[in-house]
Amino acid sequence: MPATISNTHAALVDWLFLDLNSYFASVEQQLRPELRGKPVAVVPVDTDATCAIAASQEAKKFGIKTGTNIGDARRACPELITVMASHDVYVEFHHRIITEVERHFPVHVICSIDEMACKLDAPRRRLNVAVDLAHRIKRGLRERVGECITCSVGLAPNRFLAKVASDMQKPDGLVTLLAEELPGKLLELKLRDLCGIGRRMEPRLHACGIRTLAELWAAERETLHRAWGGVCGDRFWHALHGGASEDDLPAQHRTLGHSHVLAPELRTPPQAGIVARRLLLKAASRLRRMEYRATHLHLSVRTEDGPRCEAQAKFEPVCDSIVLARCLAELWQRVMQQARWQRVKKVSVTLMGLEAEARPQQLELFPASGETAPREQREHLSRVLDKINQKHGRDSVVIGFTPDTVRTFSGTKIAFTRIPDREEFQE
Ligand SMILES: [Mg+2]
């Protein structure tokens, strides 16, 4: 269409979102040529009772995907090859991929081990330049990281829509959503295709009379506010409609926490208390990186032979480690009194009531006195600590004393249910 061609030069996009295709399975196929072109499922343990944590393109044709039970997968595809996950290798490839992408353009945010987003600068916002950038990144990954490493790229006016676009064509996709053409291709999607609309959100939208993308698109902002039960709905509405200032994804996490079963030598109450604080600081660091604040802190402790003891505190939205650590210390006293100061087997720390920050804060290192609220100073200090730890390694700087014995336990593992962000390896 001539109209599209003449538009191309004027059309602008702000974000490039890159999603690697069948990431773990592709890395395995890259390293082991005998797996290429074959249905492969990556598994955490070697049993048919487990689930796939990744499936190759070939396996996906049989309906096998992340979460598919391996017994079911074998029935659907008897020639399926299962491969034990090698998370260290996936992390190593992750770094090689980032390095390659950054040969072309800086990565603004790493969203997960196989997803990243670039916020385009003025020259690259022009659609034809952005499309060229996407092709150069794709070619670079194939030529310098590995021929099996393919990705789907989305180009759009904000990060949310760029991610949605990256999901629309797999493998090796490149989809553009232009602000002036919205809703356009979005209308081909189902509600659940959108990041931020999950199993629990969908029925709430149905209850508001929204069953299709067209209905979602037509919905008033107030309706989405009601459906989400808060500002997340407004943010979603804004992002969906291509809001230019919105550079975050709609909230997916309502809670954020860590738990740990203690090694016998860490089960005395003082040692366990240190572990609890370490878990909290890790969660707080993630909270800040996601640009959220929390309004509740929950502490749960299971003693070696007693029941579970727990306590919760509520406060104004915070994300700084100092306030949270102080709050945890009070909860710890309460919980351990309930537990009669017995030996502790398991500790869980959860931040709840997560809210997106109104605006990511960029504060001066030495703000003019009197202009900055104490809360902002504390949050700023926490962020400075995060940066030092990211740069120089986990625990370069911690709040309070962290003995060597408990230092290593919070090392990030790649959990089955959640792929850690790269930064977490330093948290
Ligand atoms: Mg992916």
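Some observations on this one:
- Distance between modelled label sites at R204 and L31, nm, 7 Å Cα→Cβ extension: 4.0 nm
- Across the stretch 183-190, coupling constants 3J(HN,Hα) worked out from phi with the 6.51/-1.76/1.60 Karplus curve, θ = phi - 60°, read x, x, 5, 4, 5, 7, 8, 9 Hz, and Gly and Pro carry x.
- Taking all protein chains together and rolling a 1.4 Å probe, S22 ends up with roughly 10 Å² accessible.
- Rough spin-label spacing in nm, given labels placed 7 Å along Cα→Cβ, for R136 and K61: 3.5 nm
- Heavy-atom accessible area with a 1.4 Å probe sorts W15, W237, W332, largest first, into W237, W332, W15.
- Rounded to the nearest 20 debye, the dipole magnitude of the stretch 189-240 is 220 debye, with +1 charges on Lys and Arg beta carbons, -1 on Asp and Glu beta carbons, and the Cα centre as origin.
- The stretch 267-351: relative contact order in percent, alpha carbon pairs under 8 Å with at least 6 residues between: 45 percent
- Extended-chain gain in nm, criterion 0.36 nm per residue less alpha-carbon gap, H95 and D172: 25.7 nm
- Here the stretch 327-350 and the stretch 213-231 have alpha carbon centers that stand 41 Å from each other.
- Residues in the stretch 286-303 carry Karplus couplings, in order, of 5, 4, 5, 5, 7, 6, 10, 10, 10, 10, 9, 10, 10, 10, 10, 10, 10, 7 Hz; the curve used is 6.51 cos²θ - 1.76 cosθ + 1.60 with θ = phi - 60°, and Gly or Pro positions show x.
- Per DSSP, loop GluC sites (Glu not before Pro) in the stretch 130-234 with at most 10 further Cβ within 10 Å: E220
- At most 13 other Cβ within 10 Å, DSSP loop - GluC sites (Glu not before Pro), the stretch 248-345: E304
The values are calculated or read from the model by the stated rules, or taken from the named source; none is laboratory data. Values in this document were obtained by computation on a predicted structure and should not be read as measured data. Cβ coordinates were reconstructed from backbone atoms using ideal geometry, including for glycine residues, and neighbour counts include every protein chain displayed. The accessibility values were calculated without ligands, DNA or RNA, using every heavy atom of the protein model including side chains. Shrake-Rupley method; radii C 1.70, N 1.55, O 1.52, S 1.80 Å.
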